[in-house]
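Participant: Handing you this structure, nothing more for now.
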Amino acid sequence: MKQTAFITGATSGIGKATAEIFAKNNIRLILCGRRKERLQELQKELGQFTEVTTLQFDVSNKEAVFTAINSLPENFSNIDILINNAGNAHGFSTIQNGSIDDWDAMIDINVKGLLYVSKAIIPKMTEKNHGFIVNIGSIAAKDVYANGNVYCASKHAVNALNKAMRIDLNKYNIRVSAIHPGAVETAFSDIRFKGDTEKAKSVYAGYKALQAADIADIIHFVITRPYHVNIEDLVVYPTAQATPTILNRK
């Protein structure tokens, strides 16, 4: 039976790469994001391989999340796989110099957004005793580094929620997994450094960072294991990275 996957943050980076590999493996797609034009482009591109619908909303907007998900057409309403990928890092400051607006954005998107989307989708999974939730975390979920404070806290929360979901949903036969990437060369650093392209480029200088397609390939591997197999927590570094702050740069 053809599966249906719901992907947040689908217009770029890991979300887009995951949508591409899912489409080429004949998984029906619900692609979510804030940028309408990019969603339309992706729908046209991936519609050559599978059925695709799109939802434009911001995961941090509770009302928009539930309105969008409740509007899904019948043939897309039976969601088998939820990829909670939407997330952002805003700013890179010490705790005493941090921006409260940046803190709010990270908590609203990384934590509350994940909760809103999950809350809207999980009831149908529990009703049918079937489903798979993959939460995209970060090595910041496992360790704390200088200037990472609130971003690290938000990803630690994702790690805790991933564990809590697995406990609470165990009796409903729902698989729950988290993927925690190290340095991935995406727009992540552009957002963190608020458009300072030189700083953003320096993050990935002198070594081979992970690519979005690397993580997408791992996500596809995780969701295609036999149903009795749940890869529940996976940390992925590029070879050059030993910890969040130790990198073998050439």
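Participant: What pairs come out if I take residues in the stretch 43-60 that are farther than 11 Å from Leu31 by Cβ and touching a residue at least 12 places away in the same chain (Cβ under 8 Å) and pair them with residues that are part of a loop (DSSP other than H, G, I, E, B) and hydroxyl-bearing (Ser, Thr, Tyr) whose C-beta lies under 6 Å away, six or more apart or interchain?
Facilitator: Listed by first residue and then by second, the contacts come to Val59/Thr8.
Participant: Those residues that are more than 20 Å from Gly9 (Cα to Cα) and surrounded by 14 or more Cβ atoms within 10 Å (Cβ to Cβ), I need them from the stretch 174-199; list them, please.
Facilitator: Of the residues in the stretch 174-199, the ones more than 20 Å from Gly9 (Cα to Cα) are 174-175, 196-199.
Within the stretch 174-199, Ile174, Arg175, Lys199 meet the criteria.
Participant: Yes or no: Ala178 at negative phi and outside any helix (DSSP H, G or I)?
Facilitator: Spelling it out, Ala178 is indeed at negative phi and outside any helix (DSSP H, G or I).
Participant: Can you tell me how many residues within the stretch 20-42 are of a type in the set (Gly, Ala, Ser) and either in contact with a His (Cβ under 6 Å, 6 or more places away or on another chain) or in contact (Cβ under 8 Å) with a residue 60 or more places away in the chain (or both)? Break it down into steps so the answer makes sense when it comes.
Facilitator: So in the stretch 20-42, the residues of a type in the set (Gly, Ala, Ser) come out as 23, 33.
Of the ones still in play, those that are also either in contact with a His (Cβ under 6 Å, 6 or more places away or on another chain) or in contact (Cβ under 8 Å) with a residue 60 or more places away in the chain (or both) are none.
Looking only at that region, the number is 0.
Participant: How about the stretch 129-162: which of its residues are free of Cβ contacts under 8 Å to residues at least 24 places away in the same chain, surrounded by fewer than 20 Cβ atoms within 10 Å (Cβ to Cβ) and either of a type in the set (Lys, Arg) or over 19 Å from Val59 (Cβ atoms) (or both)?
Facilitator: Across the stretch 129-162, the qualifying residue is only Val144.
Participant: Continuing with the same structure: Can you name every one of the helices (runs of 4 or more DSSP H) wholly within the stretch 51-140 that holds 2 or more residues which are within 14 Å of Cys32 (Cα to Cα)?
Facilitator: Ranges flagged: 62-70, 114-128.
Participant: Right, next: Could you please let me know if Val222 is crowded, with 16+ Cβ neighbours inside 10 Å and at negative phi? Steps first, answer last, please.
Facilitator: On the way: crowded, with 16+ Cβ neighbours inside 10 Å: yes; at negative phi: yes.
Taking the combined requirement at face value, the residue satisfies it.
Values in this text are rule-based calculations from the coordinates and carry no lab data. Please read these numbers as outputs of a predicted model, since none were measured by experiment. Cβ sites come from the backbone with ideal geometry, for glycine too, and all protein chains shown count toward neighbours.
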